[in-house]
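The values are calculated or read from the model by the stated rules, or taken from the named source; none is laboratory data. Predicted model only: the values in this text are computed from it and were never measured. Cβ coordinates were reconstructed from backbone atoms using ideal geometry, including for glycine residues, and neighbour counts include every protein chain displayed. SASA here: full protein model, heavy atoms, side chains in, ligands and nucleic acids out. Shrake-Rupley method; radii C 1.70, N 1.55, O 1.52, S 1.80 Å.
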Amino acid sequence: MVDRIVEISDLTKDDIPIAGGKGANLGELVGAGFNVPPGFVLTTVAYDYFVKSNDIEKRMEDILEGIDASSESSLQSASIRMRGLFEQMPIPKDLADQIRSEWQRMWKGRKSGFVAVRSSATAEDLPTASFAGQQDTYLNVGDEEDLLDKTRKCWSSLFTPRAISYRVTKGFEHSKVKLAVVVQKMVASDTSGIMFTVDPNSEMPHIIIEAGYGLGEAIVGGKVTPDTYVVDKFHNKIINKKISKQTWKYTRGKTGDTVKENIPESIQSAQKMTDEQILALGKIGNDIEVHYTKPMDIEWAVEEGRIYVVQARPVTTLKSTKGEDMASGKTHAEGELKKSGKILVKGLAASPGRASGAVRMVSEEMNLEVVIKGDIMVTAMTSPDMVPAMTRAAAIVTDEGGMTCHAAIVARELGIPCIVGTSNATQKLAEGMMVTVDGNTGVVTEGAEQKKDEVKAAPSAIGRSVPATGTKVYINVGVPHKAEEYSKLPVSGVGLMRIEFLFTSYIQEHPCSLIEQGRQNELIDKLADGIAIVGKAFYPRPIILRTSDFKTNEYRDMKGGAKFEPKEQNPMIGWRGCSRYVSDSYREAFKLELRAIKKVRDEMGLKNVMVMLPFVRTIEELKKITEMMNEVGLERNRDFKLYLMAEIPCNIFMAEEFSDWCDGFSIGSNDLTQLTMGADRDSEVLGRMGYFDERNEAIKRAIKILIDAAHKKGRTVGICGQAPSVYPEFCEFLVNAGIDTISLNPDTVIETISIIASAEQRLLLEAARKINGA
């Protein structure tokens with residue numbers, strides 16, 4: 001029989017039915033060795049005992065039956081009745097005595113301190129739904145009688161208007177959602193905040209940390225704009241910082257209440273954490289993700305230099321962009337929109353998409369039914385009470401908050417654009433003003449954009465989604481879990497799948513280190529699983545998988561990598577690509593990649609997966625790699641093609657010789673430009689001076705030479721670099737030069753297909769004129 005009260009340390013993630021998501025995850029973290037403040041949980045058995053003892057369930061059904069989740073007044077009325085019912089009923093004496101006893105045991109004869117009392121719902125913090133503050137939390141609770149009162153209030157918060165609306169919207173039955181209560185020692189936070197182990201907007205494998213002074217409720221509630229730090233979790237390096245000014249914080253007052261306290265002016269604009277703390281916190285986040293094997297949303301606090309984890313839950317808002325919208329060129333809310341007027345407000349892009357509508361200014365004290373479907377909701381910050389109104393909004397804009405604030409989390413889950421941390425949206429925008437919110441770039445522009453289907457079209461364009469092209473259009477894929485979404489785009493396949501993401505996110509350890517530990521099969525299986533995600537999504541369209549092309553400094557930063565990697569002065573033109581594969585010290589590691597590909601093709605039946613080799617310097621190394629491929633059963637034939645990246649000048653000069661050993665080429669325009677022009681692609685100085693530019697005549701001549709030589713030998717030529725996605729005129733040049741395939745970034749596919757079609761049409765017209773002229 002389950003106890004009414006359980007120590008946090010005795011729980012695991014499998015205990016959600018009795019401890020709720022928050023309690024179960026805290027127990028899991030303790031068991032995994034993470035630093036979690038101690039405490040106990042009043043389980044759902046205690047909740048059921050309270051409900052049954054006071055005969056609440058029948059009255060609950062009568063009050064909530066047929067509730068209208070879109071009606072603010074209906075929700076408010078039901079909430080008042082339900083909360084009053086819970087809060088006027090006594091906690092049974094034997095349960096109250098147990099709570100008092102547990103409180104006293106927590107302090108073990110010492111002077112009692114303060115605790116946080118947090119709700120933990122059984123449908124909360126699950127992999128498929130984030131309740132984002134739907135139930136209450138009480139801080140700095142200082143005695144056992146106050147604890148009893150706050151326990152009752154936590155239970156009743158299962159029936160706030162926001163919580164009732166949220167359950168109805170998400171399809172949760174009220175009677176099935178029960179509440180546990182977590183009681184933890186308070187952390188007197190010097191700094192605190194939230195951390196995502198994946199960028200929740202771009203879904204890049206970066207750790208996003210938001211930090212502020214004092215207790216974390218100010219950040220979670222979106223009441224302050226925090227510092228934002230971005231950590232590359234593969235290299236464990238800080239790659240970006242945004243320092244925000246914070247003028248006040250929440251802290252514990254003299255009487256134990258949570259109070260606002262002004263921050264000394266000298267540190268208001270300072271970085272809230274040291275770089276060492278940021279990296280240490282990032283490592284904790286990465287370790288938690290590895291433990292759970294999924295991206296995580298983590299709340300943390302620092303007291304006297306010590307980092308505590310106070311909450312962790314799966315990220316629930318990934319893949320929010322709908323594939324069918326991308327395939328049709330539409331955004332989340334408004335379809336594909338034309339560019340509009342001047343920029344009115346800038347902020348942090350917190351949820352992608354674009355939407356137009358009338359501004360509706362909102363504050364907590366007003367009746368939120370003024371927000372109607374399609375409004376642009378503008379407020380200083382959102383609170384959980386605003387969720388019913390947020391579900392009706394086309395987009396949300398706030399003055400305060402960061403990527404992990406309430407507004408951002410809920411907007412991503414609703415799939416609507418959101419911009420946070422503007423600082424002045426409520427001053428710059430006016431009630432009723434027509435605006436367009438771009439959640440991809442973080443800007444609000446003047447005027448409403450017309451939907452494409454409202455724009456008068458020429459007769460020839462009616463009924464056409466995208467024009468047909470002779471040039472095959474492929475897509476570049478880096479993140480496997482986006483493949484299902486991208487597969488709905490009108491493309492012929494994947495022109496570049498980068499295997500590096502699988503190493504950085506799935507494996508996270510140097511291949512040679514895994515071999516040394518006898519974990520070869522683990523590497524093969526993880527690579528195969530990642531490749532298969534993309535292969536299945538696009539099947540039977542071809543997937544061109546580029547084998548690993550890390551530089552030595554990148555390999556060295558992997559776990560266990562320092563033992564196997566030299567230090568090079570210029571890794572960009574160092575031991576990389578094929579030269580690594582044929583080296584005695586790396587050959588076996590490369591063969592594991594080949595075996596993973598073999599497994600995907602043979603055991604999983606995904607014959608659409610092809611191979612592309614990067615940075616091929618000589619015919620001799622290509623011969624050796626061909627032998628290695630043959631050894632594992634990957635032989636070139638009608639159903640299995642081998643492609644080469646054309647990114648070194650020698651690939652251009654010896655294109656005919658290389659053609660004898662491959663089925664085609666794919667131009668890597670970045671490296672080809674860098675090595676042809678002698679211009680470091682990362683040099684800001686040379687970039688500003690125009691030296692690094694794929695449109696340079698020397699690069700265009702090199703590409704034309706390659707295309708002609710390859711076609712002479714019956715080989716295809718494509719391009720998978722950035723240039724076609726960035727420069728429309730470069731795309732036209734490629735078509736004129738006779739390129740066979742163009743692989744694009746996902747967000748440029750629709751627009752670029754039209755550019756390709758127009759270029760092809762001009763070629764046909766010019767050819768026709770020449771024939772007629774003759």
Cross-chain or 6+ apart pairs with Cβ under 7 Å, the stretch 142-155 first and under 12 Å from residue 95 (Cβ atoms) and open to solvent by 30 Å² or more (accessible area, probe 1.4 Å), then not in a loop (DSSP other than H, G, I, E, B) and not polar (S, T, N, Q): 152/86; 152/87
What number of residues within the stretch 228-277 satisfy the criterion of being open to solvent by 50 Å² or more (accessible area, probe 1.4 Å), over 26 Å from the mean Cα position of the chain (by Cα) and among the hydroxyl-bearing types (Ser, Thr, Tyr)? 5
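Could you look through the stretch 708-720, keep only residues that are in contact with a helix residue (DSSP H, G or I) (Cβ under 9 Å, 6 or more places away or on another chain) and surrounded by 22 or more Cβ atoms within 10 Å (Cβ to Cβ), and pick out the one that is farthest from residue 651 (Cα to Cα)?
Here is the first cut: in the stretch 708-720, the ones in contact with a helix residue (DSSP H, G or I) (Cβ under 9 Å, 6 or more places away or on another chain) are 708-710, 712-717, 719-720.
Still in the running and surrounded by 22 or more Cβ atoms within 10 Å (Cβ to Cβ): 710, 715, 717, 719-720.
On the way: 710: 11, 715: 14, 717: 12, 719: 14, 720: 16 Å.
Here the residue is 720.
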I'd like the residue in the stretch 192-220 that is open to solvent by less than 10 Å² (accessible area, probe 1.4 Å) and among the hydroxyl-bearing types (Ser, Thr, Tyr) and, out of all such residues, is farthest from residue 405 (Cα to Cα). 197
Scanning for something under 21 Å from residue 496 (Cα atoms), surrounded by 15 or more Cβ atoms within 10 Å (Cβ to Cβ), at pLDDT 85 or above and β-branched (Val, Ile, Thr), does the stretch 675-693 turn up at least one residue? no
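Just to be sure, is residue 292 at pLDDT below 90, among the hydroxyl-bearing types (Ser, Thr, Tyr) and buried (at least 16 other Cβ atoms within 10 Å of the Cβ)?
Values: at pLDDT below 90: yes; among the hydroxyl-bearing types (Ser, Thr, Tyr): yes; buried (at least 16 other Cβ atoms within 10 Å of the Cβ): yes.
In short, yes.
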Just name the residue that is nearest to residue 364 (Cα to Cα) out of those in the stretch 404-421 that are assigned to a loop (DSSP other than H, G, I, E, B) and open to solvent by 10 Å² or more (accessible area, probe 1.4 Å). 421
Enumeration of residues in the stretch 488-504 that are in contact with a Lys or Arg (Cβ under 8 Å, 6 or more places away or on another chain) and touching a residue at least 40 places away in the same chain (Cβ under 8 Å): 491, 492, 493, 494, 496, 497, 498, 499, 504
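Could you please let me know if residue 397 is open to solvent by less than 20 Å² (accessible area, probe 1.4 Å), closer than 20 Å to residue 343 by Cα and touching a residue at least 24 places away in the same chain (Cβ under 8 Å)? Even if it seems obvious, please write down each step before you answer.
On the way: open to solvent by less than 20 Å² (accessible area, probe 1.4 Å): yes; closer than 20 Å to residue 343 by Cα: yes; touching a residue at least 24 places away in the same chain (Cβ under 8 Å): yes.
Yes, satisfied.
Test residue 496 against the criterion of being outside any loop (DSSP other than H, G, I, E, B), under 27 Å from residue 677 (Cα atoms), among the hydrophobic types (A, V, I, L, M, F, W, C) and open to solvent by less than 40 Å² (accessible area, probe 1.4 Å), and give yes or no.
Details: outside any loop (DSSP other than H, G, I, E, B): yes; under 27 Å from residue 677 (Cα atoms): yes; among the hydrophobic types (A, V, I, L, M, F, W, C): yes; open to solvent by less than 40 Å² (accessible area, probe 1.4 Å): yes.
Here the answer is yes, as residue 496 does meet what is asked.
Within the stretch 28-45, restricting attention to residues that are farther than 18 Å from residue 289 by Cβ and part of a helix (DSSP H, G or I), which residue is least open to solvent (accessible area, probe 1.4 Å)?
Step one: filter the stretch 28-45 for residues farther than 18 Å from residue 289 by Cβ, giving 37-45.
Pick out the ones that are also part of a helix (DSSP H, G or I) and you get 44-45.
On the way: 44: 8, 45: 41 Å².
That would be 44.
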Look at the stretch 499-517 and say how many of its residues are under 18 Å from the mean Cα position of the chain (by Cα) and modelled with pLDDT of 95 or more. 0
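Report yes if some residue within the stretch 562-570 is in a loop (DSSP other than H, G, I, E, B) and touching a His at 6+ places or on another chain (Cβ under 7 Å); otherwise report no. Write out each step before concluding.
Just the residues of the stretch 562-570 that are in a loop (DSSP other than H, G, I, E, B), to begin with: 564-570.
Restricting the remaining residues to those that are touching a His at 6+ places or on another chain (Cβ under 7 Å) gives 564.
Yes, that holds for at least one residue.
Restricting to the stretch 209-224, name every residue that is farther than 21 Å from residue 396 by Cα and within 19 Å of the chain's Cα centre (by Cα).
209, 211
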Does residue 522 satisfy being surrounded by fewer than 22 Cβ atoms within 10 Å (Cβ to Cβ) and more than 22 Å from residue 605 (Cα to Cα)? no
Going through the stretch 590-607 in order, the residues found to be open to solvent by less than 50 Å² (accessible area, probe 1.4 Å) and farther than 23 Å from residue 619 by Cβ are 592, 596, 599, 600, 601, 605, 606
Some residue of the stretch 307-321 being more than 22 Å from the chain's Cα centre (by Cα), modelled with pLDDT of 95 or more and open to solvent by 30 Å² or more (accessible area, probe 1.4 Å): yes
Can you run down the residue pairs with Cβ atoms below 8 Å, 6 or more apart or on separate chains, where the first is in the stretch 505-532 and among the acidic types (Asp, Glu) and the partner is part of a loop (DSSP other than H, G, I, E, B)? 509/558; 509/559; 509/560; 516/560
Number of the exception - residue 223 against (1) crowded, with 17+ Cβ neighbours inside 10 Å; (2) in a helix (DSSP H, G or I); (3) among the charged types (D, E, K, R): (2)
A careful count of residues in the stretch 714-756 that are within 25 Å of residue 541 (Cβ to Cβ) and outside any helix (DSSP H, G or I) gives 17
Mind telling me which of the residues 6, 36 ends up being within 28 Å of residue 282 (Cα to Cα) and hydrophobic (A, V, I, L, M, F, W, C)? 36
Apart from one, (1) more than 19 Å from residue 472 (Cβ to Cβ); (2) surrounded by 15 or more Cβ atoms within 10 Å (Cβ to Cβ) all hold for residue 643; the odd one out is (1)
Starting from residues that are in contact with a helix residue (DSSP H, G or I) (Cβ under 6 Å, 6 or more places away or on another chain) and β-branched (Val, Ile, Thr), keep the ones in the stretch 1-35 and report whichever is modelled with the lowest pLDDT. 2
Give me the residue from the stretch 60-103 that is at pLDDT 90 or above and assigned to a loop (DSSP other than H, G, I, E, B) and, out of that set, most open to solvent (accessible area, probe 1.4 Å). 90
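Taking the condition outside any loop (DSSP other than H, G, I, E, B) and either modelled with pLDDT of 90 or more or surrounded by fewer than 16 Cβ atoms within 10 Å (Cβ to Cβ) (or both), does residue 579 pass? Please lay out each step first, then the result.
Values: outside any loop (DSSP other than H, G, I, E, B): yes; either modelled with pLDDT of 90 or more or surrounded by fewer than 16 Cβ atoms within 10 Å (Cβ to Cβ) (or both): yes.
It is true that residue 579 is outside any loop (DSSP other than H, G, I, E, B) and either modelled with pLDDT of 90 or more or surrounded by fewer than 16 Cβ atoms within 10 Å (Cβ to Cβ) (or both).
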With respect to residue 74, is the statement that it is farther than 30 Å from residue 296 by Cβ, in contact (Cβ under 8 Å) with a residue 24 or more places away in the chain and among the polar types (S, T, N, Q) true? no
Scan the stretch 235-258 for residues that are in a strand (DSSP E or B), more than 24 Å from residue 422 (Cα to Cα) and of a type in the set (S, T, N, Q) and jot them down. 251, 258
Check on residue 612, open to solvent by 20 Å² or more (accessible area, probe 1.4 Å), of a type outside the set (Lys, Arg) and either in a strand (DSSP E or B) or more than 25 Å from residue 535 (Cβ to Cβ) (or both): no
Which numbered condition trips up residue 629, out of (1) of a type outside the set (D, E, K, R); (2) touching a residue at least 40 places away in the same chain (Cβ under 8 Å); (3) open to solvent by less than 20 Å² (accessible area, probe 1.4 Å)? (2)
